[in-house]
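The next block holds one structure in the form of structure tokens; read it before the comments.
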Amino acid sequence: MPLNRRFRSVIRIGPVQVGTAPDGRGREKHTAACTAPRCGFCADYDSRAAAELAARTHRCPVR
Ligand SMILES: [Zn+2]
């Protein structure tokens with residue numbers, strides 16, 4: 001599922017998008033989400049570095 005427009009600073013690493021968005025409690029969450037259809041990988045992280053690392057190491061089962 002591609003990231004929606006609430007996310008800013010969206011980058012793409014392979015098939016995975018990483019973006020930052022407010023979590024609604026005054027903090028930010030950093031999300032990595034795979035754009036490949038039927039993959040469904042999507043996870044939130046406390047830091048941008050963790051989200052980008054997850055994107056870089058994602059082994060997409062669809063490809
Ligand atoms: Zn994937």
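Identify the residue in the range 27-57 that is within 14 Å of PHE7 (Cα to Cα) and more than 11 Å from the chain's Cα centre (by Cα) and, among all such residues, is nearest to the ligand (Cβ to nearest atom).
Result: GLU28.
Here are the criteria: (1) hydroxyl-bearing (Ser, Thr, Tyr); (2) surrounded by fewer than 13 Cβ atoms within 10 Å (Cβ to Cβ); (3) on the phi < 0 side of the Ramachandran plot. Tell me which single one SER9 does not satisfy.
(3)
Each reported figure results from applying straightforward, stated rules to the coordinates on display, with no laboratory input. Remember, predicted model here, so these are calculated numbers, not experimental data. Backbone-built Cβ (ideal geometry, glycine too); neighbour counts: all protein chains shown.
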